[in-house]
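Note sheet for the following structure.
The values are calculated or read from the model by the stated rules, or taken from the named source; none is laboratory data. As the structure is a prediction and not an experimental result, all values here were calculated from the model. Glycine gets a Cβ as well: all are built from the backbone with ideal geometry, and neighbour counts include every protein chain shown. For accessibility, only protein heavy atoms count, side chains too; no ligands or nucleic acids. Shrake-Rupley method; radii C 1.70, N 1.55, O 1.52, S 1.80 Å.
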Amino acid sequence: MRTHNLGYPRIGSQRELKRACENFWEGKIDKKQLFEVGQQQRFNNWQIQMDAGIDLIPCNDFSFYDQILDLIVMFEVIPERFKTLNEKLNPLELYFALSRGYQNGEIDVTAMEMTKWFDTNYHYIVPEFEANQTFKLQYDGIVKSYKEAKEYGVKNPKPVIVGPLSFLKLGKSKGQHFEIKALISNLLPVYIELIGKLSNEGVQYLQIDEPFLCTSLSIEEQSMYRYVLTELFNSFPDVHFILATYFGSITHNKYIIAQLPQCTLHVDLVRCPEQLDDILTIIPDNVNLSLGIVDGRNIWKNDFEKSLKIINKAVEKLGEKRLMLAPSCSLLHVPYDLDMETNEKDLPAVIKRWMAFAKQKLIETVTLSRLSSKNPFDFANDLSVLIKNTEDISTRNNSELVHDALVQLRLKEISEKDLEREKPYSIRHELQQQLLNLSLFPTTTIGSFPQTTKVRGLRAKLKKRQITPVEYDQQVEDAIKDAIRWQEEIGLDVLVHGEFERNDMVEYFGEQLKGFAFTQNGWVQSYGSRCVKPPVIYGDVSRPLPMTVKWIVFAQSLTSKPMKGMLTGPVTILQWSFVRDDQPRSETAMQIALAIRDEVLDLERAGINIIQVDEPAIREGLPLRKTDWQEYLDWAVKAFKLSVAGAQPRTQIHTHMCYSEFNDIIEAIAAMDADVITIETSRSQMELLDAFAHFKYPNDIGPGVYDIHSPRVPSIDEIVNLLEKATNVIPYKQIWVNPDCGLKTRGWDETRRAIGNMVEAANKMRIKFINI
């Protein structure tokens, strides 16, 4: 049974690409040096996959920033505002300007919008389409990648490209309203031209990613898929197409499956193993099947016995020759190599034996192919591999580390009363205003301030025991003092302590909760050069001790202005961790919510009157099909409410969400009943606020006015303009003024200037509205 891989992590085992990109942006290396790092990462990835024995190895799964941005540039879908930069920037500079914005002298161009890649924590650049959008094959980078892989020694490089309909559906219409799918007649010929070039080079296998086949499609969209796939696949009989779907089931689109032209259909049997029965019934005789049997989204070891039962079911129906094995999706979403984890303190050996990273998942895929064969390569060796796998799975299932009877008991005792605030928002708002006495357009930030080299170095020195805990605390206190002094000088209304003691908004809390383990090198790309190291939730979650009270209380002691306590919410901790897969995600979320609830109450008892519980990932967790949304939203909202509902009415609860389209879930957001919600809106030019206007959102809203994912500094007038747009859809008395997100990744110089402009803009708005 042949094996293939859908995609591989591209940042490098030691985040080499991240550092190279950031050095290029800072002018420390040139384009040639950056390209050399990129090439080395591609070579490393191909070699790892060759060594593992993968038959079809992907090429063109590498990107310097984002795979959708690559297509935007390749098809010349450049927004009009960037056209002035064409003559001023070389192609690479323009590429990064699209994703990061550009500001130089009089030229000031905002970056393209980013949003989440389906229900993952990866962010892609959103294509912007005009009603008369044209497409042109600007360059043939995919062809070059294929030739490079062949020259390196990859026997059957498999180019990977997001399909035309998914590319369109990932974008947004700009200007006059129109149906984006109407652009397919302009886009399809460009895809045919591109595939023609690949065919001329001798490409035998080509992976077309169409994840939207796992979503609910209208009858018209289903017909369009049938037409487009037939046109593409039948135009190139010498190319074997692998139609890749992932993150959900495709069986609700049976009409498309039943009429597929000759190809191999890849399905995600980790997320939806139950879809196999239907697929085996409806799959046409001319279509082969790729079984996504190894989890590309999580780090748990594959259960060979369970997987072999699924594989054998497919073999009985289709035979080995019509089947391929692969991970469920691209391995972009998991870390590089478990063998790099050598710190048993953070990742005990007993837990490590339950896990597999990208490199190990390749080996699992090849091993399953061999184990499922009628002619095993080495019976004695294969039997020992299977026995060891069974032992590892059994050890995890029965481990006392995983199960905590007290946590389970507390979970059972949750009542409806535990989910509701004591008073409705209207009464809470009055009590909070009496206590806080905030002005119109109150200003604040989302929580974190720049994590400078010095600040990051403090944690490294503490870990290496180069400084004592007392010395570490003193230097963190000094950073907090400086931050508070600056916030007071600049005139912010609600202050934050800066989070200098925190490594990551999820990892920091996981380190203080039971049921979590950690990695040294488990980095995963979030967007561009931004990488995160998700903790591993392996068991029942509880909070042994207060996690943030010490630092927040210290910060409040330095100022008479209100200080926000900063916490990460249960759904975000769940989404941004590698989560245990032996119980429902909803149950794990409620365990985390109880831990956060304890922290909220401790902060309140310590005199903190504003507490922010961030939930930037709440929309990210939505299942791909709308019919499955309500079940998820019910428990996600319940988890948030459980974490904050114990707070007194006078305690103001904030939450933060970013990179979300809110229209479809606005009722669920309102049901969370946070006193203040802050959201990302600057890249969309306040378009995301339309949902709150149409729904008449009752509570306060802080629409982000400063895009912190771009190095450019917004002017006072630009921020005023954004706030004026906000007042057109939201009552001005409900509006807060804040950046889009935390400022951890920014530098202090740009942060000071941008927040200074933000405060001045708020002052202008107060003058305008004070007498209304």
Query raised in the report: Just to be sure, is GLN39 assigned to a helix (DSSP H, G or I) and open to solvent by 30 Å² or more (accessible area, probe 1.4 Å)?
Result: yes
Query raised in the report: Are any residues in region 49-70 under 19 Å from GLN525 (Cα atoms), open to solvent by 10 Å² or more (accessible area, probe 1.4 Å) and outside any loop (DSSP other than H, G, I, E, B), and if so, which ones?
Result: GLN67, ASP70
Query raised in the report: Which condition does GLU422 not pass, out of (1) of a type in the set (Asp, Glu); (2) open to solvent by 50 Å² or more (accessible area, probe 1.4 Å); (3) within 30 Å of GLY539 (Cα to Cα), if it passes all the others?
Result: (3)
Requested in this report: Find the residue count for region 531-554, including only residues that are among the β-branched types (Val, Ile, Thr), buried (at least 21 other Cβ atoms within 10 Å of the Cβ) and either in a strand (DSSP E or B) or in contact with a Cys (Cβ under 8 Å, 6 or more places away or on another chain) (or both).
Outcome: 3
Report task. Count, please, the residues in region 745-761 that happen to be under 26 Å from the mean Cα position of the chain (by Cα), crowded, with 18+ Cβ neighbours inside 10 Å and not β-branched (Val, Ile, Thr). Result -> 3
Requested in this report: Working only within region 632-664, note down all residues that are assigned to a helix (DSSP H, G or I), at pLDDT 95 or above, surrounded by fewer than 24 Cβ atoms within 10 Å (Cβ to Cβ) and not hydrophobic (A, V, I, L, M, F, W, C).
Outcome: TYR632, ASP634, LYS638, LYS641
Report task. State whether the residues of region 300-307 include one that is more than 29 Å from the chain's Cα centre (by Cα), within 18 Å of HIS266 (Cβ to Cβ) and open to solvent by 10 Å² or more (accessible area, probe 1.4 Å). Result -> no
**Report entry** Contacts under 9 angstrom Cβ, first residue in region 422-437 being closer than 21 Å to LEU492 by Cβ, partner surrounded by 14 or more Cβ atoms within 10 Å (Cβ to Cβ) and among the hydrophobic types (A, V, I, L, M, F, W, C), 6 or more apart
**Finding:** GLN432/LEU438; GLN432/ILE610; LEU436/VAL494; LEU436/ILE610
Report summary line: Picking from LYS155, LYS174, LYS136, LYS169, the residue that is in contact with a helix residue (DSSP H, G or I) (Cβ under 9 Å, 6 or more places away or on another chain), open to solvent by 20 Å² or more (accessible area, probe 1.4 Å) and modelled with pLDDT under 90 would be LYS174
Query - Subset of region 710-724 [surrounded by 17 or more Cβ atoms within 10 Å (Cβ to Cβ) and more than 28 Å from the chain's Cα centre (by Cα)] - result: GLU718, VAL720
Query raised in the report: Filter region 82-117 for residues that are more than 30 Å from GLY621 (Cα to Cα) and of a type in the set (S, T, N, Q); which is least open to solvent (accessible area, probe 1.4 Å)?
Result: ASN90
Query raised in the report: From the set of residues in region 219-259 that are of a type in the set (Phe, Trp, Tyr) and more than 29 Å from the chain's Cα centre (by Cα), which is nearest to LEU187 (Cα to Cα)?
Result: TYR227
Query raised in the report: Could you say which residue among VAL315, VAL350, VAL402 is β-branched (Val, Ile, Thr) and out of contact with any strand residue (DSSP E or B) (no Cβ under 7 Å at 6 or more places or on another chain)?
Result: VAL350
Query - Residues located in region 308-340, provided they are open to solvent by less than 10 Å² (accessible area, probe 1.4 Å), more than 27 Å from LYS116 (Cβ to Cβ) and either in a loop (DSSP other than H, G, I, E, B) or out of contact with any Gly (no Cβ under 9 Å at 6 or more places or on another chain) (or both) - result: ILE311, ALA314, LEU323
Report summary line: Within region 482-530, the residues that are open to solvent by less than 40 Å² (accessible area, probe 1.4 Å), outside any helix (DSSP H, G or I) and hydrophobic (A, V, I, L, M, F, W, C) are LEU492, VAL494, LEU495, VAL496, PHE500, VAL506, LEU513, PHE516, ALA517, PHE518, VAL524
Report summary line: Reported set for region 680-704 where residues are modelled with pLDDT of 85 or more and closer than 24 Å to PRO127 by Cβ is PRO703, GLY704
Report summary line: Counted residues in region 308-361 being of a type in the set (Val, Ile, Thr) and under 21 Å from the mean Cα position of the chain (by Cα) come to 1
Query - Hits in region 555-585 - residues which are in contact with a helix residue (DSSP H, G or I) (Cβ under 7 Å, 6 or more places away or on another chain), in a helix (DSSP H, G or I) and open to solvent by less than 40 Å² (accessible area, probe 1.4 Å) - result: ALA555, PRO570, VAL571, ILE573, LEU574
Query raised in the report: With PRO584, PRO570 as the choices, which residue is in contact (Cβ under 8 Å) with a residue 24 or more places away in the chain and not hydroxyl-bearing (Ser, Thr, Tyr)?
Result: PRO570
Report summary line: Pairing a residue in region 483-501 that is closer than 15 Å to PRO739 by Cα with any residue that is open to solvent by 10 Å² or more (accessible area, probe 1.4 Å) and of a type in the set (Lys, Arg), where Cβ atoms lie under 6 Å and the two sit 6 or more apart in sequence or on different chains, gives LEU495/LYS561
Report task. Starting from residues that are open to solvent by 10 Å² or more (accessible area, probe 1.4 Å) and touching a residue at least 40 places away in the same chain (Cβ under 8 Å), keep the ones in region 728-744 and report whichever is farthest from VAL613 (Cα to Cα). Result -> VAL729
